[in-house]
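A short write-up of the structure that comes next.
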Amino acid sequence: MTIRTALCAASTLAICAAGSAFADGHQTTVTIATVNNGDMIRMQGLTDAFTEQHPDIALEWVTLEENVLRQRVTQDIATQGGQFDVLTIGMYETPIWAEQGWLVALDDMGEDYDADDILPAMREGLSYDGTLYAAPFYGESSMVMYRTDLFEEAGIDMPMEPTWQQVADAARQLTDRDAEQYGICLRGKAGWGENMAFITTVGNAFGARWFDEDWNAQADSPEWSEAINFYNDLLTDAGPPGAATNGFNENLALFQQGRCAMWIDATVAASFVTNPDDSEVADSVGFALAPDAGNGKRSNWLWAWALAVPSGSDATEEAKTFISWATSKDYIELVAENEGWANVPPGARTSLYETAEYQDVPFAEMTLNSINAANPSEPTVDPVPYVGVQYVAIPEWQGMGTAAGQEFSAMLAGQQTPEEALQKVQDLFNEEMEAAGYR
Amino acid sequence: MARAASTGAKIGWSALAWAIGLLIFFPILWTILTSFKTEAEAIASPPSLFAFDWTLENYGVVQERSNYVRFLWNSVIIAGGSTLLGIVIAVPAAWAMAFQPTKRTKDILLWMLSTKMLPAVGVLYPIYLICIQLGVLDSKAALVFILMLINLPIIVWMLYTYFREIPGEILEAARMDGASLRSEILYVLTPMAVPGIASTILLNFILAWNEAFWTLNLTAVNAAPLTAFIASYSSPEGLFFAKLSAASTMAIAPILILGWFSQKQLVRGLTFGAVK
């Protein structure tokens with residue numbers, strides 16, 4: 001091949017690539033942006049049932065890591081890019097995006113859909129101004145998962161509604177560092193959806209709040225001091241080494257290997273830790289409500305992965321048709337038929353918890369009780385100007401929450417004291433609120 | 001004695017080179033090994049290097065869930081198209097800078113390189129909006145063009161360096177023999193710089209293949225390459241490391257094989273002119 005031929009071929013290939021790409025055009029399919037978790041993967045595998053019922057609708061999936069998805073979807077929706085017709089979003093984004101007019105209201109899903117069957121806590125968290133903007137695919141709260149065998153051996157009873165002090169006492173008693181057994185595993189990895197989600201719920205139980213009614217930061221309050229010192233001391237005394245970098249997945253791995261006597265985290269973890277294929281302790285896991293500190297609020301959060309339609313979509317009706325199928329009672333039954341009741345998407349519909357077969361699933365009742373115990377409108381002991389149990393539902397929270405999470409992570413790593421971390425967070429929050437015009 | 005010392009030194013240097021090579025290769029080796037483990041074995045502590053039940057299950061699951069061939073084809077088109085388009089533009093540009101320099105040539109070269117110093121995210125929104133306006137969001141054409149622009153400074157710089165090694169007198173002789181500018185570049189300059197051009201193509205193909213910022217941000221379904229394929233297996237709630245490793249291995253396999261077969265050419269090109 002001569003050089004000329006090579007260059008001609010190169011140009012032709014480049015031009016062909018460009019040409020074929022321009023010819024891609026826009027398809028009349030429903031493009032779904034989603035995250036890579038068990039329930040979503042299961043849904044992708046079952047969509048033949050949908051396309052058989054709706055041969056005129058083709059489905060395309062874009063699966064991304066949670067943070068990438070959040071950034072991509074925000075970018076697309078804010079610029080009206082129109083790349084997606086169905087978005088997988090959470091409780092945090094829904095009211096904020098609905099207020100901006102970025103989402104299509106889902107108040108006309110048809111009589112068969114039975115929107116009143118959606119769990120009230122989920123419905124409230126996914127609505128704006130009383131209108132539903134995202135349909136819950138699955139919901140979760142947080143709870144205590146503990147090793148029944150270790151508790152039995154040590155002669156400790158785990159109450160169904162434990163206090164933080166009971167949890168801390170048991171954690172210290174069950175820690176055996178020589179045997180690499182740790183009393184408790186908790187989130188320490190920095191991030192508004194990682195350690196800040198957990199720390200915020202600890203604060204809720206201890207009577208702390210991030211802001212007063214006038215958006216003045218409250219991180220320097222005695223309640224936060226007590227909560228953060230408690231969290232820091234507990235993980236230092238009874239947590240695994242390197243707890244400052246442990247998030248959901250790291251703690252899941254530790255618990256499945258039998259290294260944690262207790263783990264407080266998302267209820268969705270229950271199906272993982274009780275799965276004998278992945279977990280060495282599958283047959284000895286018990287569940288209890290997230291702890292409280294005697295102030296009337298528990299440390300359990302509320303979250304839902306929900307499906308929404310962006311206002312820039314040109315396939316709104318088809319997208320709604322898909323959402324009504326994916327979040328319907330029929331879909332739950334379809335999953336149960338194919339994968340068993342333990343694998344149906346939990347926490348979205350009341351009727352699921354009334355189903356006799358589902359009541360036999362070991363973590364079903366505790367999941368429902370945990371979800372019902374969370375109130376996003378009144379998450380704290382004292383009144384606050386925001387909604388959200390484990391986050392503050394304002395657009396600025398992603399950035400400031402993550403920055404605060406870094407301070408607490410550094411504290412766990414021993415780089416600063418709880419008081420120093422709290423003072424930095426106090427200053428940061430006040431600066432952010434002032435810059436954003438809240439105060 | 002001297003010979004013994006020399007042999008000892010050779011063994012020592014060889015061992016050091018192997019150790020460094022293995023250290024650099026270890027993350028890839030670990031990914032490949034993890035892809036053959038079960039999810040439980042993938043997170044086992046202490047981990048086992050080879051003593052585990054080897055399984056192809058993860059590859060089966062990945063194959064079932066994703067259309068690998070479509071992602072692969074998109075990667076080939078995007079990486080190949082952007083590299084070749086870049087070469088077509090850069091060869092004349094590098095020729096001009098190497099053989100017809102002006103007072104500003106060095107400044108232009110530095111300016112071109114300075115575009116690499118801008119964080120990509122700084123121009124994400126303008127480029128995203130331009131793509132929307134032109135209707136080329138999620139198209140291979142947009143990525144071919146953007147990745148070509150991103151890699152063009154490196155291509156020009158590399159070719160400029162190779163061309164500078166070629167004596168200008170040879171080109172002058174060609175001109176005196178009546179060669180046109182086109183003939184001079186095509187039939188005299190380019191054949192002499194083939195090793196350099198080949199290594200430039202290879203290096204930029206690898207860079208474009210692995211590019212993950214623009215390919216993740218500007219694609220959805222139609223143009224998503226293998227970087228998007230890998231990203232779809234990352235999960236914050238669930239341990240799917242073995243499947244993620246299988247997806248990663250499938251994504252890097254083509255470029256590893258290409259690099260393996262062309263390593264001689266690549267090394268020859270990269271060291272072109274280094275030893276006079």
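FYI, it's all coordinate maths here, none of it is from the lab. Remember, predicted model here, so these are calculated numbers, not experimental data. Positions of Cβ are generated from backbone atoms using ideal geometry, with glycine treated the same way; all protein chains shown enter the neighbour counts.
Annotation: lysines with alpha-carbon distance below 18 angstrom to B:LYS116 (same-chain offsets under eight excluded): B:LYS106. Bridgeable lysines around A:LYS297 (alpha carbons under 30 Å apart, same-chain partners fewer than 8 residues away excluded): A:LYS189, A:LYS424. Treating the stretch B:68-232 as a set of equal point scatterers at the Cα positions, no solvent, please give the Debye-formula log₁₀ I(q)/I(0) at q = 0.09, 0.10, 0.13, 0.16 Å⁻¹. Rounded to two decimals, the profile gives -0.36, -0.44, -0.69, -0.92.
Dimensions of the protein assembly as shown from C-alpha coordinates, computed as largest minus smallest value along each principal axis and given longest first, are 96, 77, 54 Å. Measuring between their Cα centroids, the stretch A:239-274 and the stretch A:127-175 lie 12 Å from each other.
Dividing the mean sequence gap of close Cα pairs (under 8 Å, 6+ apart) by how many residues the stretch A:323-407 holds gives a relative contact order of 14 percent. When Rg and the Kirkwood Rh are both derived from Cα coordinates, the Rg/Rh ratio for the stretch B:1-104 amounts to 1.24.
For the stretch A:80-138, the normalised intensity computed at q = 0.25, 0.27 Å⁻¹ comes to -1.12, -1.26 (log10 of I(q)/I(0), Debye sum over alpha carbons, equal scatterers, no solvent). For the residues B:SER262, B:SER199, B:SER48, a GNM of chain B with alpha-carbon springs under 10 Å puts the largest fluctuation on B:SER48.
Run the reach check for B:LYS37 against lysines, Cα to Cα strictly under 20 Å, same-chain hits fewer than 8 apart removed. What comes back? Candidates past the 8-residue exclusion: B:LYS243. Taking Cβ atoms as reference points and 13 Å as the exclusive limit, the residues near A:GLY388 contribute a net charge of -3, counting Lys and Arg as +1 and Asp and Glu as -1. Highest GNM mean-square fluctuation among A:ASP56, A:ASP382, A:ASP314, for chain A modelled with Cα contacts below 10 Å: A:ASP56.
Look at the stretch B:241-248: the mean tally of other chain Cβ atoms within 10 Å of its residues' Cβ atoms is 1.
Summary value for the stretch B:31-122: 18 percent relative contact order, contacts being C-alpha pairs under 8 angstrom separated by 6+ residues.
When the scattering of the stretch A:102-211 is computed by the Debye formula from its Cα atoms alone, each counted once and equally, what is log10 I(q)/I(0) at q = 0.12 Å⁻¹? Taken in order of the listed q values, log10 I(q)/I(0) reads -0.67.
Shown for chain B is the translational diffusion coefficient from the Stokes-Einstein equation, using the Kirkwood radius over Cα pairs, a temperature of 10 °C and a viscosity of 1.306 mPa s: 72 µm²/s.
Partner shielding of B:140-146 amounts to 5, given as the average count of beta-carbon atoms from other chains within 10 Å of each residue beta-carbon. Summing charges over neighbours of A:THR29, with a neighbour being any other residue whose Cβ is under 9 Å away from its Cβ, gives -3 when K and R count +1 and D and E count -1. Under a 5 Å amide H cut-off, with hydrogens placed 1.01 Å from N, A:THR63 pairs with A:THR34 among residues at least 5 apart or on other chains. Taking a ≥ b ≥ c as the square roots of the eigenvalues of the Cα gyration tensor, the stretch B:80-130 is classed as oblate, since a/c reaches at least 1.5 and a/b does not exceed b/c.
Within 10 Å of the Cβ of each residue in B:222-231, the mean number of Cβ atoms contributed by other protein chains is 3.
Mean sequence separation of contacting Cα pairs (under 8 Å, at least six apart), scaled by the length of the stretch B:68-232, corresponds to a relative contact order of 44 percent.
Can you tally the net charge around A:PRO240? Count Lys and Arg as +1, Asp and Glu as -1, for every other residue whose Cβ sits under 10 Å from the Cβ of A:PRO240.
Here the charged neighbours net out to 0.
How large is the helix-only mean residue ellipticity at 222 nm for the protein assembly as shown, computed as the sum of -39500 (n - 2.57) over DSSP H runs with n ≥ 4, divided by its residue count, in deg cm²/dmol to the nearest 500? Before the final figure, lay out each step's value.
Working: 32 runs with 383 residues, N = 715.
Result for the protein assembly as shown: -16500 deg cm²/dmol, rounded to the nearest 500.
In a Gaussian network model over chain A where Cα atoms closer than 10 Å are linked, find which of A:ASP237, A:ASP277, A:ASP76 has the largest mean-square fluctuation. Of the options given, A:ASP277 has the highest mean-square fluctuation. Once the chain from A:ASP237 to A:THR402 is taken as fully extended at 0.36 nm per residue, the excess over their C-alpha distance is 56.9 nm.
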